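Student: Below: one structure in structure tokens.
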Amino acid sequence: MVEIIDDPTDPGTQIEKELFQSGDTSLPQTGNAALISHPDPATALEILKRDFHLFREQAAKERAEVEAYRIANIIFIDAPVGTGFSYSTTQEGYNTSDTESSEAVYQFLRKWMLKHPKFRYNPLYIAGDSYSGIIVPQVILKVSNGNRNGVRPPMKLQGYLLGNPVTELHSDENSRIEFYHRVTLISSELYESIQENCKGEYVYPNVSNSDCMDDIGLVAEAVHR
């Protein structure tokens, strides 16, 4: 590829710079060689030196970014059974509950730590999203209680992270009206009206309250159109 660039030694003059992409996929956008078409060999050499230093700086930056990922070890768990790539060899294996699922995750962590003791003293963060908002706190409690009661192996629990978590189904569903207003899916006028008419209850409203039901219909129409 030929690129026209400004001559740094002669403002207003442009020169050709021919780029060759190398095959080093580990350093994207930095594995380039350059041939400079310039009448003065010394100037061409200076341009090549400058580009070489820029290349080295960019390569070092990208290597540092790759190295940053090596400070953490991540285990992805599909739970409960049936989610993601997890499966059961029997139909009965899919019959589980939140408490059984959290216990299964906790026992998995214990067994994994026993099998891989070199990771035992690493800081441990347990994370999840969506319905894991129900499961993760239970796992955290089990790990904390296990540490307190001397269960082996001890785990260096530091904290937990939840993304867009389910917490309590009624509260989560009920809070959607406030969310719709915050992201301007419904008007402030409709938001104030539904608050007054439904008295803050949108999941199980009083169906005999026509004003409330009308407002709920308007909200449904606004967010699904």
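The values are calculated or read from the model by the stated rules, or taken from the named source; none is laboratory data. Just so you know, these numbers come straight off a predicted model, no measurement behind them. Note: ideal-geometry Cβ built from the backbone for every residue, glycine included; neighbour counts use all protein chains shown. Side chains are part of the model used for accessible areas, which takes the heavy atoms of the whole protein and leaves out ligands, DNA and RNA. Shrake-Rupley method; radii C 1.70, N 1.55, O 1.52, S 1.80 Å.
Student: If I filter the range 200-225 down to residues being farther than 20 Å from H170 by Cα and in a helix (DSSP H, G or I), which single residue comes out as nearest to the chain's Cα centre (by Cα)?
Tutor: H224
Student: Can we say K61 is open to solvent by 90 Å² or more (accessible area, probe 1.4 Å), closer than 20 Å to M155 by Cα, assigned to a helix (DSSP H, G or I) and not aromatic (F, W, Y)? I'd like the intermediate steps shown before the answer.
Tutor: Numbers: open to solvent by 90 Å² or more (accessible area, probe 1.4 Å): yes; closer than 20 Å to M155 by Cα: no; assigned to a helix (DSSP H, G or I): yes; not aromatic (F, W, Y): yes.
So K61 fails the test.
Student: I need the full set of residues from the range 71-109 which are open to solvent by 50 Å² or more (accessible area, probe 1.4 Å) and under 20 Å from R152 (Cβ atoms), in order please.
Tutor: Passing the criteria: I75, E103, A104, Q107, F108.
Student: Quick one: is Y121 out of contact with any Phe, Trp or Tyr (no Cβ under 9 Å at 6 or more places or on another chain), hydroxyl-bearing (S, T, Y) and open to solvent by 100 Å² or more (accessible area, probe 1.4 Å)? Full working, then the answer.
Tutor: Working: out of contact with any Phe, Trp or Tyr (no Cβ under 9 Å at 6 or more places or on another chain): yes; hydroxyl-bearing (S, T, Y): yes; open to solvent by 100 Å² or more (accessible area, probe 1.4 Å): yes.
Yes: the conditions hold for Y121.
Student: Would you mention how many residues in the range 145-163 are touching a strand residue (DSSP E or B) at 6+ places or on another chain (Cβ under 9 Å), open to solvent by less than 90 Å² (accessible area, probe 1.4 Å) and in contact (Cβ under 8 Å) with a residue 12 or more places away in the chain?
Tutor: 5
Student: If you check G128 against the conditions, is it crowded, with 17+ Cβ neighbours inside 10 Å, of a type outside the set (A, V, I, L, M, F, W, C), within 18 Å of F108 (Cα to Cα) and at pLDDT 95 or above?
Tutor: On the way: crowded, with 17+ Cβ neighbours inside 10 Å: yes; of a type outside the set (A, V, I, L, M, F, W, C): yes; within 18 Å of F108 (Cα to Cα): yes; at pLDDT 95 or above: no.
Taking the combined requirement at face value, the residue does not satisfy it.
Student: Tell me yes or no: at least one residue of the range 32-39 is modelled with pLDDT of 65 or more, of a type outside the set (F, W, Y) and open to solvent by 100 Å² or more (accessible area, probe 1.4 Å).
Tutor: Let us first name the residues in the range 32-39 that are modelled with pLDDT of 65 or more, namely none.
No - not one qualifying residue is present in the range 32-39.
Student: Does any residue of the range 198-207 turn out to be open to solvent by less than 60 Å² (accessible area, probe 1.4 Å), closer than 24 Å to D98 by Cα and touching a His at 6+ places or on another chain (Cβ under 8 Å)? Talk me through it step by step, then tell me what you get.
Tutor: Of the residues in the range 198-207, the ones open to solvent by less than 60 Å² (accessible area, probe 1.4 Å) are 198, 200-203, 205.
If we keep only those that are closer than 24 Å to D98 by Cα too, we end up with 203.
Next, from what is left, pick out any that are touching a His at 6+ places or on another chain (Cβ under 8 Å): 203.
Yes, that holds for at least one residue.
Student: Testing P165 on (1) in a helix (DSSP H, G or I); (2) touching a helix residue (DSSP H, G or I) at 6+ places or on another chain (Cβ under 9 Å), one condition comes back false. Which one is that?
Tutor: (1)
Student: Looking only at the range 168-199, count every residue that is basic (K, R) and assigned to a helix (DSSP H, G or I) and tell me the total. If you could, list the steps in order and put the result at the bottom.
Tutor: From the range 168-199, those basic (K, R) are 176, 182, 199; that's our starting set.
With the extra rule that they be assigned to a helix (DSSP H, G or I), the set shrinks to 176, 182.
Qualifying residue count for the region: 2.
Student: Could you please let me know if R70 is closer than 30 Å to V151 by Cα, modelled with pLDDT of 80 or more and either in a helix (DSSP H, G or I) or polar (S, T, N, Q) (or both)? Spell out how you get there, then give the answer.
Tutor: Working: closer than 30 Å to V151 by Cα: yes; modelled with pLDDT of 80 or more: no; either in a helix (DSSP H, G or I) or polar (S, T, N, Q) (or both): yes.
When the stated conditions are applied, R70 does not pass them.
Student: For the range 164-178, which positions are free of Cβ contacts under 8 Å to residues at least 40 places away in the same chain, open to solvent by less than 40 Å² (accessible area, probe 1.4 Å) and more than 22 Å from the chain's Cα centre (by Cα)?
Tutor: At the first step, the residues of the range 164-178 found to be free of Cβ contacts under 8 Å to residues at least 40 places away in the same chain are 164-176, 178.
Still in the list and also open to solvent by less than 40 Å² (accessible area, probe 1.4 Å): 166, 174.
Result: N174, single match.
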